[in-house]
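> Okay, here's the structure, questions in a sec.
The values are calculated or read from the model by the stated rules, or taken from the named source; none is laboratory data. What you are looking at is a predicted structure, and each value in this text was computed from that prediction instead of being measured. Here the Cβ is made from the backbone with ideal geometry for all residues, glycine too, and neighbour counts use every protein chain on show.
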Amino acid sequence: MKIALVGCGSVARKHVRAIQSLNGSCQVVGTVDPDRRARRETSQALKTPGFEDLTTLLGTCEVDLVTLATPTGLHPAQAIEAAEAGAHVLTEKPLGTCLNRARSMVRRVGELNRRLFVVKQLRHHPLFLAVREAIKAGRFGRLHTIGLQIFWTRPQDYYDAADWRGTREFDGGALMNQASHYVDLLDWLFGPVAEVHAIGGALARSIEVEDTAVVSLSWEEGFIGSLHVTMLAYPKNVATSLTVVGEKGTIRLGGPLCNRVEAWNFSETTAFDEKVEAVAAQVPDALRHGHEEVYRNVLASLRGDEASVVDGDAGLRSLAIIDAAYRALENGAAVGVSSPEPV
């Protein structure tokens, strides 16, 4: 499998480590970044040529899979260009900063009979997998309410380090960028979100988009919940927490990686309940190797094997929730979550 890595910024380091862990099951044919220094460092790490732009790479190399680790606003155009050149695409979250452009991206890649994958490494988080299994097994009974809190820090220096950060066109704010993996959980764990209401804004950072937001959600099945996210915690990330309250069970996960079991209570116990603390201990290692797991599954899927992958349609579902939240921030009213289907 011949891979090209597009984007050599901070997140690209995770891709480099993941690719290096594959032990020769793929070949990196090139890297792309307009920044010469970043391109050189990544190319040297992967022992492959570097290119200033994607068009030049695609015109020079035969590529099976293009990985996009670029600013979010660039994903749709780059994914379409890669697919038109005959490559499958693996893109960092989210699919794009504009829902309609992301829909067009998913549709066009599908028309070209190429595969589109999205990096969602939190779907390999051992405790989130345990919560999902508990929901599927009916252990909560009827769900009542969900609470998700992300209290992190991103100082002004973080945004000032790159001119695209904190912009509406290329980055998005706390919901679009930092919290998008957790927004994905709201759909993946609990099902389709029907409606959202949101408040927030740039409370302390000089950026075009929100550094803090509170989103109220209602699900199609009738339960309600909230997502509270901020990038203003001082002086470092404080916590990420998930609380699920149901008719027959309540759980709360906390800690910096949502890796501490603060409550795990069900009306009927199972053998798994005695092991949940041991499962929590696996979370840091699982997250360290999250991108490796994504690559292994993508490559297996492209070989025709059964694998756990996140496709473009799934990526659209979480982006539709973020899009609705942004519209709610603008107009101050509840907004329905639009259909995730490509248009």
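> If you check D305 against the conditions, is it farther than 17 Å from V66 by Cβ, in the same structural domain as D171 (by TED's automatic domain parsing) and not aliphatic (A, V, I, L, M)? Show your work before the answer.
On the way: farther than 17 Å from V66 by Cβ: yes; in the same structural domain as D171 (by TED's automatic domain parsing): no; not aliphatic (A, V, I, L, M): yes.
Answer is no for this residue.
> Among the candidates L299, L316, single out the residue that is part of a helix (DSSP H, G or I), assigned by TED's automatic domain parsing to the domain that holds E210 and closer than 27 Å to G86 by Cβ. Please lay out each step first, then the result.
Working: L299 fails: assigned by TED's automatic domain parsing to the domain that holds E210.
The unique qualifying residue is L316.
> Report yes if R296 is under 18 Å from the mean Cα position of the chain (by Cα) and without any contact (Cβ under 8 Å) to a residue 40 or more places away in the chain, otherwise no. Break it down into steps so the answer makes sense when it comes.
Values: under 18 Å from the mean Cα position of the chain (by Cα): yes; without any contact (Cβ under 8 Å) to a residue 40 or more places away in the chain: no.
It is false that R296 is under 18 Å from the mean Cα position of the chain (by Cα) and without any contact (Cβ under 8 Å) to a residue 40 or more places away in the chain.
> Would the range 189-204 turn up any residue that is at pLDDT 95 or above, in contact with a Pro (Cβ under 9 Å, 6 or more places away or on another chain) and within 22 Å of R139 (Cα to Cα)?
Yes, the range 189-204 contains a residue that is at pLDDT 95 or above, in contact with a Pro (Cβ under 9 Å, 6 or more places away or on another chain) and within 22 Å of R139 (Cα to Cα).
> When the range 131-157 is examined, which residues are found to be among the small types (G, A, S) and buried (at least 20 other Cβ atoms within 10 Å of the Cβ)? Explain how you work it out, then say what you get.
Step one: filter the range 131-157 for residues among the small types (G, A, S), giving 134, 137-138, 141, 147.
Passing the criteria: only A134.
> Got a sec? Which strands (runs of 3 or more DSSP E) wholly within the range 187-261 have at least 3 residues that are in contact with an Asp or Glu (Cβ under 6 Å, 6 or more places away or on another chain)? It would help to see each step written out before you state the result.
Details: elements: 193-201, 212-219, 224-230, 239-246, 249-254.
By residue number, 193-201.
> Six or more apart or on different chains, Cβ under 9 Å: which pairs go from a residue in the range 121-137 that's farther than 20 Å from P284 by Cβ to one that's in a helix (DSSP H, G or I)? Could you list them?
E133/F272; A134/F272
> Got a sec? Which helices (runs of 4 or more DSSP H) wholly within the range 67-163 have at least 1 residues that are in the same structural domain as V11 (by TED's automatic domain parsing) and either within 20 Å of E208 (Cα to Cα) or under 19 Å from the mean Cα position of the chain (by Cα) (or both)? Working first, answer last.
Numbers: elements: 75-84, 99-111, 126-136, 156-160.
Ranges flagged: 75-84, 99-111.
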